[in-house]
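Since every read-out is calculated from the coordinates, none of them should be taken as a lab result. Predicted, not measured: the structure shown is a model, and the values here were computed from it. Note that we place each Cβ from the backbone using ideal geometry, even for glycine, and neighbour counts take in every protein chain shown.
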Amino acid sequence: MTELFSHARYVLTQNPLSGFAFVLFVLLLVLAVFGPALAPHDPFAGNTGQALQPPSALHWLGTDQLGRDILSRIIIAARLDLAIAAASVALAFVVGTAMGLAAGYLGGWTDRVVGRITDTIMAFPLFVLAMGIVAALGNTIINIVYATAIIGLPLYARLARAETIVRCGAGYVEAARLCGNSELRILLGHILPNIMPLMVVQTSLTFGYTILNVAGLSFIGLGVRPPTAEWGIMVADGASFIISGEWWVALFPGLALMVAVFCFNLLGDGLRDIIDPRSRT
Amino acid sequence: MKPDEVVPLLTVEDLSVEFRTRSGTVHAVDRIGFDIYPGETLAVVGESGSGKSVTSYAIMGILDNAARVTSGRVLFRGTDLLKEDEVRMREIRGREFAMIFQNPRTALNPIRPVGKQIADVLSRHAGLSASEAYRRAIEVLAQVKIPDPERRARAYPFELSGGMCQRVMIAMALSCRPALLIADEPTTGLDATIQAVIMDLIGEIAQAQGMATLLITHDLALASEQADRIAVMHAGHIVEIAPTKDLLTAPRHPYTRSLIAATPAPAASLSELAAIPGALPDLRRDDLPPCRYSERCPRHEADCDGPLPLERLSARHTVACWHPL
Amino acid sequence: MTVLLEARGLVKRFAVKKDGGWWPLNRRPSQIFAVDGVSFSVAEGETVGLVGESGCGKSTLVRIVARLLDATSGEITFGGADIGSVPARQFGRMPQRANIQMVFQDPTDSLNPRFTAFDAIADPVRRLRPMRRADLKARVFEMARLCGLPEELLSRFPHQLSGGQKARVGIARALAVEPKLLILDEPTSALDVSVQVVILHLLQELKERLGLSYLFISHDLNVVRLLCKRVLVMYAGRIVEQGSTADVFGAPAHPYTAALLSAIPSMSTEGRRARIVLTGEPVSPIDPDPNVCRFYSRCPSGTSLCTSAGPALVPVGSGREVACHFPRLAQSEVGRVEGVRAGSYNTTG
């Protein structure tokens, strides 16, 4: 473990972007965990008298059309956006990896069935598919998680399958058979630990994309509903005010989204450098 | 051929190469020097980590970005190759020097038919037109004894066996009749019968074209069959250079003797095979002793810690040892 | 000597798709004859070498013998019991699994990168000879000591070990369940000369101490000569010559063996030796003609007899067998071969 830490420290210091992303990540985590305590104002308390105020000393990022402090809403929205994305990624990761492992190791019909499932999902423009699923199942948070998880599935399944196939031919798999390991034990005890690092890197890289999907669904009204604070809804709300010159209502939530996605993408790159430098593009 | 009269084709003088890595600076090659005479075959023999491949890359000027040449000269026809710029080096590579590598299939372009790859070399260095170059490429394929060369010229590397790919590499390397061929482990990984054929082929062509060969290998038996002289490397140093016969019958450096004793070919029984004592020193150390074999050497004495001498035992036999055998 | 392992008439064919042709008309698929009628035995305490070049089928053969792969047909017995009929997938549960173990060619590839050396050596013990934690630890330490592996290396991962150390871990792992037969698939070809010596000495010592039998595969005849008393020479899926190492290497009877021996570099001081050069293309392993000798296309001395009847592996005295119509034998043995010249591949053996 200590070797991993020293290698991690090396990568983070060698590449300032990765280090920066790591700091951002910690910041986002703090916001998600301690959000409500950090918000300067009550995010739900509206004061129509204070509506649509530009950024000022009192409201650092201004107020929205109901007089709510935008900064506070952005802070507590972090928790919701990150939580939904985390649940979605976790679900896609677990199910996708299992599917990929089975397809890669067993081949034959398992491989064909998994292949057809992933092909079907990928035949659709993924966001449109997510919209369809949420529209069909209903506008709840859990359905958003399911929808974004389903569209994220194929990536994990394919990666797990490809990595499993590579390792199936490795000498240590043959050696494991000689040692009396059953096929299941080889799959879970010998192959899975070897593909794990690459799968974990993938989660970070897709985290940002998932946040965007979640926010996007909310933006078009198929996701989280008002008055819940969520970055996508906030951008949607603020969109109509850009024309009339109140730019801050949409801009700051949008910036928050951008920063979060940026952070996770860079973090994913950094993680990949730590875990498997050879796959750097 | 008496070396005192003949001018060497290539002279490596006092060459040192380091690599900067995360875990420190690796002193891969330390002040080595040797000559290659026209038409001769010099084998550089060493185990992994001895620096033999690094030496050949330094001569060709194709070292890694992390590598630094910290001293020395590589003299070819009077010019120091280390000081030449990349443009000039590109002209020299291919026309004056050629190199063939260990994994022939991976050294060839997988998406280009082999005939065209050879023709590329010819048009680049011999200034032939495309069709002339292609015609000549087929001739060269025949020269390396590839059966049915017209058909094979259209083949891709993945369609050819390892031995065939190596012949294609040789064809590419020799198409411009270079003065020196550097062969870096050219037959490792090939079957024994193919290996023999490839090495004999290189020998024949070298003799016919008057070409010198620098053979890099870990296989002392192979070197003994193919080379006129052998240079033995250990941990970045050349410990002994001698004509093959002298080296095998009367080695003067303890490492050479140990290497011979560890090579299965001449030993009649397992008990005659002797392990080389100790282990390779870590080349990242700053406190490496001047003789890098001294820590493993059973003949080590107190005065072995002085700067490494290079004793010239005869005109063609040098050894780097304070107490040669 | 009691026979430990016996293989009779082992055949392994792989189906392969032929290019071209209309699919519905290609009713009978083509087959690669990776192993084509191999019989041999290993006695207790014996070291048998298996040599041959790439593509000759030796890797497939030993994987069948080690029960990692199923043969298309043929029998394998071990210690008198039939082990060939148990499918490879189920063999891991048989008590015989621990008796046949294998050491692989590439120490890096054969060790799980996420397992420490300890885990690697403990794995077979945990699966095949379950014992208490303390006993397991003692056993792993003992195997490490036996193989010259310092205790502190056991907590390291493969990428932190040198080539020689990884090779030792592989050997320790194979020996951890006290096998009777150890199959070694080119165990030293990925190692430096100096490490190779140490490992060879180790293997010899272990054999004597533990009373093991070895089936030793190598492309390096010099190594085989040092370690093995008997040697099998394989070509294109068949055994072409078999006998004591001294006989076979001293006076090879089969032209392929002779060519192979002449190709191996020796540390002679005379420079390049006269070599038996094999010209011609190797025969395709796909659907080979059973009546044509597989070596005919490259043989320096074949005749029309060699294309009408494939030679069978027949005894030629003093424990030797050769599959050739024109073996180079001492005069005293020629007479014995005359009578079997008309054999073909279709006879068993």
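Below are the figures for this structure:
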{"item": "Listed residue pairs exceeding 32 Å between alpha carbons, taken from B:K52/C:K166; B:K116/C:K166; B:K52/C:K180; B:K83/B:K145", "result": "B:K116/C:K166; B:K52/C:K180; B:K83/B:K145"}
{"item": "Fewest-first ranking of B:T193, C:T307, using other Cβ atoms within 10 Å as the exposure measure", "result": "C:T307, B:T193"}
{"item": "Cα gyration tensor of the range B:70-148 - equivalent ellipsoid semi-axes, whole Å, descending", "result": "28, 16, 12"}
{"item": "Share, in percent, of DSSP beta bridges within chain B that are antiparallel, nearest 5", "result": "60 percent"}
{"item": "Rounded FRET efficiency, nearest 0.05, which uses the C-beta distance separating A:L58 from B:R284 and R0 of 51 Å", "result": "0.25"}
{"item": "Neighbour cut-off at most 14 other Cβ (10 Å), DSSP loop, trypsin sites (Lys or Arg not before Pro), the range C:74-130", "result": "C:R93"}
{"item": "Segment C:T77-C:A251, length gained on full extension (0.36 nm per residue, minus Cα span)", "result": "59.5 nm"}
{"item": "CD proxy at 222 nm, helix term only [per DSSP H run n ≥ 4: -39500 (n - 2.57); per residue of chain A; nearest 500]", "result": "-25000 deg cm²/dmol"}
{"item": "Principal axes of the range C:100-251: Cα extent on each, largest first, Å", "result": "53, 29, 28"}
{"item": "Acute angle (nearest 10 degrees) that the helix A:231-242 long axis makes with the longest principal axis of chain A, alpha-carbon atoms", "result": "40 degrees"}
{"item": "Spatial separation of Cα centroids for the range B:9-71 and the range B:191-216, in angstrom", "result": "22 Å"}
{"item": "For the range C:43-172, alpha-carbon Rg relative to the globular expectation (2.2 N^0.38 Å, N residues)", "result": "1.17"}
{"item": "Label zone at B:H323 (point 7 Å along Cα-to-Cβ), backbone N below 14 Å, the range B:248-264", "result": "B:253-255"}
{"item": "0 to 90° range, to nearest 10: angle between helix A:192-219 axis and chain A longest Cα axis", "result": "30 degrees"}
{"item": "Largest-first principal axis extents of the Cα set of the protein assembly as shown (Å)", "result": "116, 71, 68"}
{"item": "Most mobile of C:V224, C:V197, C:V35 in a GNM of chain C (Cα contacts under 10 Å)", "result": "C:V197"}
{"item": "Computed helical MRE - 222 nm, chain C, DSSP H runs ≥ 4 contributing -39500 (n - 2.57), nearest 500", "result": "-8500 deg cm²/dmol"}
{"item": "Mean shadow area of chain C, taken as a quarter of the surface of its Cα convex hull (nm²)", "result": "20.9 nm²"}
{"item": "Calculated FRET efficiency for the pair A:A162/B:S71, C-beta based, R₀ 51 Å, to 0.05", "result": "0.60"}
{"item": "Two-site FRET efficiency, B:S271 against A:N47, from Cβ-Cβ distance with R₀ of 56 Å, rounded to 0.05", "result": "0.05"}
{"item": "Calculated on alpha-carbon atoms, Rg and Dmax of the range B:94-213 in Å", "result": "12.9, 39"}
{"item": "Most fluctuating residue given options A:A57, A:A92, A:A135, as computed from a GNM of chain A linking Cα atoms under 10 Å", "result": "A:A57"}
{"item": "A:C168, B:C297, C:C147, C:C56 arranged by Cβ crowding within 10 Å, fewest neighbours leading", "result": "A:C168, B:C297, C:C147, C:C56"}
{"item": "The range B:148-228 - Rg over Rh from alpha carbon coordinates, Kirkwood radius", "result": "0.96"}
{"item": "Kirkwood-Stokes translational diffusion coefficient of the range A:42-154, alpha-carbon pairs, 4 °C, 1.567 mPa s, µm²/s", "result": "77 µm²/s"}
{"item": "Rel. contact order, % - alpha carbon contacts under 8 angstrom, at least six apart, chain C", "result": "18 percent"}
{"item": "Rg/Rg_ref, chain B, where Rg_ref = 2.2 N^0.38 Å and atoms are Cα", "result": "1.03"}
{"item": "Cα centroid separation, the range C:123-187 to the range B:258-325 (Å)", "result": "32 Å"}
{"item": "Translational diffusion coefficient (Stokes-Einstein; Kirkwood radius from C-alpha pairs) of the range A:1-79 at 10 °C, 1.306 mPa s, in µm²/s", "result": "109 µm²/s"}
{"item": "Chain A: projected area of the alpha-carbon convex hull, averaged over directions, in nm²", "result": "17.9 nm²"}
{"item": "Of the DSSP H helices in chain B, those whose Cα atoms cover at least 15 Å axially and whose Kyte score averages -1.0 or more", "result": "B:114-125, B:130-143, B:162-174, B:192-209"}
{"item": "Between the range A:187-210 and the range C:307-324, the alpha-carbon center distance in angstrom", "result": "56 Å"}
{"item": "Estimated distance in nm for a label pair at C:M131 and C:S304, the labels positioned 7 Å out from Cα along Cα-to-Cβ", "result": "6.8 nm"}
{"item": "DSSP-loop GluC sites (Glu not before Pro) across the range B:1-74, with at most 15 other Cβ within 10 angstrom", "result": "B:E5"}
{"item": "Sorted by Cβ neighbour density within 10 Å, fewest at the top, the residues B:E301, B:E225", "result": "B:E301, B:E225"}
{"item": "Separation in nanometres of the label points that stand 7 Å from Cα toward Cβ, at B:D200 and A:V200", "result": "5.6 nm"}
{"item": "³J(HN,Hα) computed for each position of the range B:13-18 - Karplus, 6.51 cos²θ - 1.76 cosθ + 1.60, integer Hz, glycine/proline x", "result": "10, 6, 7, 10, 10, 10"}
{"item": "Square roots of 5 times each gyration tensor eigenvalue, C-alpha, the range C:89-160, largest first, Å", "result": "21, 17, 11"}
{"item": "Max mean-square fluctuation residue, GNM over chain A, Cα-Cα springs under 10 Å, options A:V259, A:V128, A:V201", "result": "A:V128"}
{"item": "At 0.692 mPa s and 37 °C, Stokes D of the range C:136-177 from Kirkwood alpha-carbon radius, µm² per second", "result": "324 µm²/s"}
{"item": "Computed [θ] at 222 nm, helices only, for chain B once each DSSP H run of length n ≥ 4 contributes -39500 (n - 2.57)", "result": "-9500 deg cm²/dmol"}
